[in-house]
Amino acid sequence: METNSVAFFRDQNYPELPCKPIVAAWKVKNPQNVGSLMRLTDNVGGNRLILLDDENPKRESSIKKTAGLSFNHVELEKMEALSFFEQIPEGYQCVALETNEQSTNIFTTPLPGRIVFLLGSEMHGLPEDLIRRCYQSVHIPMTGLCKSMNISQALAVGLFEWQRQQLFNS
């Protein structure tokens, strides 16, 4: 059976989220990852992806190819990490999605309704000084032998757990 996902989800009548998530990522190298982050942000109604301390130019065509239609729905911004924390909208709390000594299990941790997810680079994660500036830090439990996850996979888990808590946690 073939399903047209646009028609399918239009007919589901899911409630709207009370606020939009914001996604920020530090030193992402791969343009396909940027496109995937844009698409995931759009999946839950977000419209901002912020690249922090972006060091290398990325081909827009590669980002567009992966982002698809989401390229037109999500604003892609670049800024310095230090100024980022000063520009978080009032009422929003920054949550590091990162494995570290202070992080808690994302599935057992209440996440703020007004959230900024902060993710680290593909190779090195987030530096400790950025983690310390966050409201909280959460990790994704991995019970298998592989203990790493692509940045877009991690964001998918984070965003959809946040959405579940906001809409379906009765």
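What follows is calculated from the coordinates using simple rules that are stated; it is not laboratory data. The structure presented is a predicted model; accordingly, all values stated were derived computationally and were not measured. Neighbour counts are summed over all protein chains in view; Cβ atoms, including those assigned to glycine, are modelled from backbone coordinates with ideal geometry.
Nearest-5 percent of antiparallel DSSP beta bridges in the chain? Mind dumping the intermediate values first?
On the way: 1 of 23 bridges.
If we restrict to bridges inside the chain, about 5 percent are antiparallel.
Run the simple label-point estimate for Asn43 and Asn169 please: 7 Å along Cα→C-beta, distance reported in nm.
1.9 nm
For a paramagnetic label modelled at 7 Å from the Cα of Gln87 toward its Cβ, which residues of region 49-68 fall within the zone defined by backbone nitrogen distances under 15 Å?
Counting only backbone N, you get 49-55.
Which ordering of Ser137, Ser5 is given by a fewest-first count of other beta-carbon atoms within 10 Å? Before the final figure, lay out each step's value.
Working: Ser137 22, Ser5 7.
Ordered from fewest to most neighbouring Cβ atoms within 10 Å, Ser137, Ser5 come out as Ser5, Ser137.
Through the Karplus equation 6.51 cos²θ - 1.76 cosθ + 1.60, θ set to phi - 60°, convert the phi angles of region 8-14 into ³J(HN,Hα) values in whole Hz; use x for Gly and Pro.
Along region 8-14, the couplings run 4, 6, 4, 7, 6, 6, 6 Hz.
Given H placed 1.01 Å from N in the peptide plane, which residues other than close sequence neighbours of Ile50 have an amide H under 5 Å from its amide H?
Under 5 Å from the amide H of Ile50: Val23, Ala24, Ala25, Glu77.
For region 1-126, state the semi-axes of the equivalent ellipsoid (square roots of 5 times the eigenvalues of the alpha-carbon gyration tensor), sorted largest first and rounded to whole angstrom.
Working: eigenvalues 120, 85, 40 Å².
Value: 24, 21, 14 Å, ordered largest first.
Does region 71-153 come out rounded, prolate or oblate, given a ≥ b ≥ c as the square roots of the eigenvalues of its C-alpha gyration tensor, rounded meaning a/c under 1.5 and, failing that, prolate meaning a/b above b/c?
Details: a/c = 1.59, a/b = 1.38, b/c = 1.15.
Since a/c reaches 1.5 and a/b is larger than b/c, the shape of region 71-153 is classed as prolate.
Points 7 angstrom from Cα along the Cβ direction at His124 and Ser62: gap in nanometres?
Label-label distance for His124 and Ser62, simple model: 1.9 nm.
Using a cut-off of under 14 Å, list every residue of region 125-141 whose amide N is near the label point 7 Å from the Cα of Gln153 along the Cα-to-beta-carbon line.
Backbone N within reach: 140-141.
Based solely on its DSSP helices, what 222 nm [θ] is calculated for the chain when runs of n ≥ 4 H residues each add -39,500 (n - 2.57) and the sum is averaged over all residues, nearest 500 deg cm²/dmol? Each step should come with its number before you reach the end.
Values: 6 runs with 57 residues, N = 170.
Calculated mean residue ellipticity at 222 nm is -9500 deg cm²/dmol.
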